[in-house]
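Let me begin by presenting the structure, written as structure tokens, before commenting on it.
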Amino acid sequence: MNERPLQATIVDIVPLGKWLLLSVRGLNRRPALPASGVVVQTGEWLRLLDQPGSPTMWLLAEVTLLAEPLGEVNWRCWRGLVLRVDEG
């Protein structure tokens, strides 16, 4: 089991109906999806559902995750915040 939490910086957010496309940077490996995620600074929870785009360049590259908010969220303030992925 990985002791270090899997987390990344949110670079951009695009609303897509009831989902959000999150561009994140800094994941050190590909997460096992689906998974839960939390915006660390706000405590807002998401369900990470899918991973559109290429699965390559995970160490430092920006990748896009499809997320379903779990309840009301204020996604407009998330740019620059940390997303922690809970795979368990």
Seminar exercise, completed: Within the stretch 15-35, residues being more than 15 Å from L81 (Cα to Cα) and open to solvent by 50 Å² or more (accessible area, probe 1.4 Å) number 11
Exercise. Tell me, which residue of the stretch 70-83 that is open to solvent by less than 70 Å² (accessible area, probe 1.4 Å) and at negative phi is nearest to the chain's Cα centre (by Cα)?
Worked result: L83
Problem set entry | Which numbered condition V38 fails, given (1) open to solvent by less than 60 Å² (accessible area, probe 1.4 Å); (2) out of contact with any strand residue (DSSP E or B) (no Cβ under 8 Å at 6 or more places or on another chain) | (2)
Problem set entry | Search result, residues across the stretch 17-33 that are more than 10 Å from Q7 (Cα to Cα) and at pLDDT 90 or above | G17, K18, W19, L20, L21, L22, S23
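The values are calculated or read from the model by the stated rules, or taken from the named source; none is laboratory data. Please read these numbers as outputs of a predicted model, since none were measured by experiment. Note that each Cβ is placed from the backbone with ideal geometry, even for glycine, and that neighbours are counted across all protein chains shown. To get the accessible areas, we keep the full protein, side chains included, count just its heavy atoms, and leave off ligands, DNA and RNA. Shrake-Rupley method; radii C 1.70, N 1.55, O 1.52, S 1.80 Å.
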